[in-house]
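These notes are about the structure you will find just below.
Please treat every number below as a calculation from the coordinates, not as lab data. Keep in mind it's a predicted model, so treat the numbers as computed, not measured. Here Cβ is always computed from backbone atoms with ideal geometry, including for glycine, and neighbour counts include all displayed protein chains.
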């Protein structure tokens, strides 16, 4: 019995390890809250993109968004995009729009109602964030959020912006 339990645990961990984080870039196009299409490829052309998967019922997601709004404002003119990819279902889309509006968030928000993008990027929990650099590499990944994480994320954004800017200067 003990061996069977250990085997099950080992198998479960292997499955989680296999899908815990995406290893490569996957382009996607999703609709924003106004029904406009937003393409990751087009955003990455401008600069690094922090993709953050979130839901209205996720308290750590909401805290992360509150901390990342000023970071987005600070670096958006340098090409950085904070892209909030909502994971709520079709029934709660109205909550998403009112939540974003009530908090005066200015970053783009898209809807992943089928959770296809979340799954393509290996999402297993929220908030789940990936920083994509202008070479379409996953520069960093974060699962969960605790106060203070935004400092590390901001430094990763700065590093990705500097890399992008130095790359443009050489061409």
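Maximal additional length on extending the residue 46-residue 113 stretch stands at 21.5 nm, based on 0.36 nm per residue less the C-alpha distance. Once C-alpha pairs closer than 8 Å and six or more residues apart are averaged by separation and normalised to the residue number of the range 23-170, the relative contact order reads 31 percent. Each label was represented as a point 7 Å from its Cα along the Cα-to-Cβ direction; for residue 63 and residue 162 these points are 2.9 nm apart. For the range 23-170, the equivalent ellipsoid derived from the Cα gyration tensor has semi-axes of 23, 16, 15 Å, listed largest first. Taking 0.36 nm per residue of separation and subtracting the current Cα-Cα distance, fully stretching the chain between residue 137 and residue 31 would add 35.8 nm. Inter-label distance, residue 73 to residue 152: 2.6 nm, where each label sits 7 Å from its Cα along the C-beta direction.
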